[in-house]
Amino acid sequence: MNLRLLYMFLAIVLVLWVLIPIFLITTLAFSDRPSVFAWPKGLLPQQFSLETISFFFGVEGVWKAIRNSLTVAAMTLVFSVLLGAPAGYALARYRFAGADSYRLLILMTRAFPLAILAIPLAVQFINMGIYDTAFGVALVHTALALPFAVLVTSSLFLGIPKELEEAAWTLGCNRIQAFARVVLPLAIPGLAATAIFAFVISWNEVFAATLLTLRERTLPAFLLTSLNDSPLPFRFAGGFFLIVPALIFIFIIRRYLFTLWGIANR
Amino acid sequence: MRSERYIPYVLILPSVLFLLFLFAWPLVEALLLSVRGSGGQWTLENFQRMAADLYFQDALKYTLLLTVVIVPLQVVMALGMAMLLGGISKGRDLFLYVWTIPLGISDLAAGIVWLSIFTERGYLNSFLQGIGVIQQPQLWLSYETPMMIFVAVVAAEVWRATAIVFVILVAGLQLIPKEYSEAAEVFGATPWQRFWKVTLPLLMPSLQVALILRTILALEVFAVVVALGGRNLPVLAGEAYYWYNAYQNPGVAAAYSVIILGISVVATLLYLRLMRSKQDGAA
């Protein structure tokens, strides 16, 4: 009984460890300017105010950066599902020579330093004319999200019995019809989770986005490059705004988290 | 039937081409970029410039130090969390959700969050004042106090990225059949012995994955450091960024990225080797 209480206590301490910093930044984002600079600060919000948040959105370039971030993330989402899902399907349904090497390739790319991609690509993208475009950034973000998309969709299709598909074939569907009418509806939630995860990866990525853009900054790139000459309220509001979508998305895809990260063990 | 054989290849082909274009090709390009001069001749000039740079030694030192401090902390903490989760029956899903929230938080956001704590008029100073340790706000994140920036970066990274290790380990634990632990219990093993002799050896593959992944990510730590200390705590990825962006020198930037890759590869090989021999020893 005592042991159980101790477990509960530790678990709650860990919950506080995660939540308190998020709570603090939220407090700051919804305080007025004097409270942000107040000293000493209380833990609880002093004065609810939208001053900091509206100041953040009023800074020139913020809306454009948000728009760019959304564009890049949406492109990343589409590319990774379109490229990843077929490969995931192939891994789940077929035994073919090279499948293991392909898995290895996917795993290797997941453990690849980003710096080594971003720098040469920045140089090449200038030559190709896609430097400083949402498309160029989305390509790199897709490279980061694709390994996850392949592995998740593969385990997703594995979970859908092949017999269902075969039944559809015997009832006169061709392969594509069987996939579209039988497999796809069952796979939609998992595909959505894959897509959301790709979106989050792109939304959060800062290193490549900063190197590959100049004027068309994504929000993290915009924040990073203006960190040193921007006032604290701006930074805090920006940090808060970066976190919000992540909280929502993680909540939506929480069922799939273990497939996303645990798959490599199988 | 014969016509079916090509189907899987058609399905994986787009992703293979894409990965070749975005991984293999840049890798080669980065290597070339780092060993070529402005005129296209072969040279070690970029590496020499890098090594002679004022920030290089500190960047190398701090990157390695951060990795060596952060990764073990995260693994121990995540392991503790994973075992703790096994001992909890009530509210398991809620704990799981909250503990994994940081998975969605970017390094830049984490850096800014912890900036609000460590900054001059931040929560840490307010707390210290509250308990009477200090009277005036202390400056923690200046170039005079690199150790404090270091501590802040460690806190932010442990806060943000322990969840990844945790999820990998929990997924690994789920794959271990309960029977092993139960059998050990029948033979009179204490919980402590069961953990060390049964669970941990069986968890080795997951630990290996987690360690490799986290080490590689820790070696390219960047935005957290920039948010908390600017360039006052130089790191390798940060230097690559400054050389590319501020100094407009892709060659030296590429040299930095090659160094990061080199250390990552060595670390990965080391893990593969050390942890294999451990597994053999356990078997």
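A few remarks follow.
- For segment A:118-140, a tally of residues being of a type in the set (S, T, N, Q) and assigned to a helix (DSSP H, G or I) returns 2.
- Scanning segment A:24-55 for residues that are loosely packed, with under 14 Cβ neighbours inside 10 Å, more than 8 Å from every other protein chain (Cβ to nearest Cβ) and not aliphatic (A, V, I, L, M) turns up A:P34, A:Q47, A:F48, A:S54.
- When we screen B:G111, B:G104 for residues that are out of contact with any Cys (no Cβ under 7 Å at 6 or more places or on another chain), facing another protein chain (nearest Cβ under 7 Å) and surrounded by 23 or more Cβ atoms within 10 Å (Cβ to Cβ), the only hit is B:G104.
- For B:Q208, the test of being polar (S, T, N, Q), more than 9 Å from chain A (Cβ to nearest Cβ) and either free of Cβ contacts under 8 Å to residues at least 40 places away in the same chain or within 19 Å of B:V35 (Cβ to Cβ) (or both) is failed.
- Residue satisfying all of: in segment A:233-256; among the aliphatic types (A, V, I, L, M) and more than 7 Å from every other protein chain (Cβ to nearest Cβ); farthest from A:S31 (Cα to Cα) among these: A:I253
- Filter result for A:F179 (assigned to a helix (DSSP H, G or I), surrounded by 19 or more Cβ atoms within 10 Å (Cβ to Cβ) and not small (G, A, S)): no
- The listed residue being in a helix (DSSP H, G or I), β-branched (V, I, T) and without any contact (Cβ under 8 Å) to a residue 24 or more places away in the chain, out of A:V36, A:V18, A:V81: A:V18
- Residues of segment B:242-266 classified as within 18 Å of the chain's Cα centre (by Cα) and either of a type in the set (A, V, I, L, M) or facing another protein chain (nearest Cβ under 9 Å) (or both), total: 10
- Residue, surrounded by the fewest Cβ atoms within 10 Å (Cβ to Cβ), within segment A:75-106, restricted to residues that are facing chain B (nearest Cβ under 9 Å) and farther than 21 Å from A:A187 by Cα: A:G98
- Considering residues of segment A:149-176 that are of a type in the set (G, A, S) and surrounded by fewer than 17 Cβ atoms within 10 Å (Cβ to Cβ) only, the residue nearest to B:I164 (Cα to Cα): A:G159
- Annotation note: Cβ proximity below 6 Å between a residue of segment A:205-220 that is farther than 17 Å from A:V244 by Cβ and at the interface with chain B (Cβ under 10 Å from one of its Cβ atoms) and a residue that is among the acidic types (D, E) and surrounded by fewer than 24 Cβ atoms within 10 Å (Cβ to Cβ) (sequence gap 6+ or interchain) occurs for A:L214/A:D132.
- Considering (1) touching a residue at least 40 places away in the same chain (Cβ under 8 Å); (2) surrounded by fewer than 16 Cβ atoms within 10 Å (Cβ to Cβ), the lone condition that B:A156 does not fulfil carries the number (2).
- Unique match (being in contact (Cβ under 8 Å) with a residue 40 or more places away in the chain, more than 26 Å from B:V265 (Cβ to Cβ) and surrounded by fewer than 22 Cβ atoms within 10 Å (Cβ to Cβ)) among B:P201, B:P191: B:P201
Read-outs: derived from the displayed coordinates by stated rules, not from any lab. None of these values were measured; they are calculated from a predicted model. All Cβ positions, even for glycine, are placed from backbone atoms using ideal geometry, and neighbour counts span all protein chains on display.
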